[in-house]
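The values are calculated or read from the model by the stated rules, or taken from the named source; none is laboratory data. Quantities reported herein were computed from a predicted structural model and do not represent experimental measurements. Every residue, glycine among them, receives a Cβ derived from its backbone with ideal geometry; neighbour counts consider all protein chains shown.
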């Protein structure tokens, strides 16, 4: 791989890593709820219905009876003065961790949501490196193949493709074309 190509891969890698570290905090900042939303409304949008019939909608927008029961429980916990974390822990204990619609911002939850992005970036960088390596190999291999073919056709020819006369190639191609046409004529007769 040339210095230019390895430099491009390095720049691409640095940009991808920088984009990742900017995207995570930005998405968490954008996902925060507006300040004028009540605690019950905010938590109702973060707790998913676990009835099993609806597609895990937030209990604030789900219309099934089970979501209504969960909303009643949420209102009771909010009225009791519990914090968001306490209420989420109560719902996770009673209904399971699947009640969380949004991932937590720490530990395993963050890893589960960030790992696919990281793996996609690593895969893109690896694919870019492999493709640029293939290009470098195929370019040098093509030049070597052309020189080998030229030597096979005319051992006295110059090994350098830049020093050969273009009319020489024309003669070779015309000779091969004539032999191909003659061969086809003999096969059809």
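Some values worked out for this structure:
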{"quantity": "So residue 78, is it outside the structural domain of residue 11 (by TED's automatic domain parsing), surrounded by 11 or more Cβ atoms within 10 Å (Cβ to Cβ) and farther than 20 Å from residue 27 by Cα", "calculated": "no"}
{"quantity": "Index of the failed condition, residue 57 passing every other in (1) without any contact (Cβ under 8 Å) to a residue 24 or more places away in the chain; (2) surrounded by 15 or more Cβ atoms within 10 Å (Cβ to Cβ); (3) more than 26 Å from residue 26 (Cα to Cα)", "calculated": "(3)"}
{"quantity": "Yes/no for residue 43 being closer than 20 Å to residue 95 by Cα and modelled with pLDDT of 75 or more", "calculated": "yes"}
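Per-residue answers, yes or no, for (1) closer than 18 Å to residue 39 by Cβ; (2) modelled with pLDDT under 80; (3) out of contact with any helix residue (DSSP H, G or I) (no Cβ under 8 Å at 6 or more places or on another chain); (4) surrounded by 13 or more Cβ atoms within 10 Å (Cβ to Cβ):
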site	(1), (2), (3), (4)
66	no, no, yes, yes
82	yes, no, no, yes
100	yes, no, no, yes
115	no, no, yes, no
124	no, no, no, yes
141	no, yes, yes, no
149	no, yes, yes, no
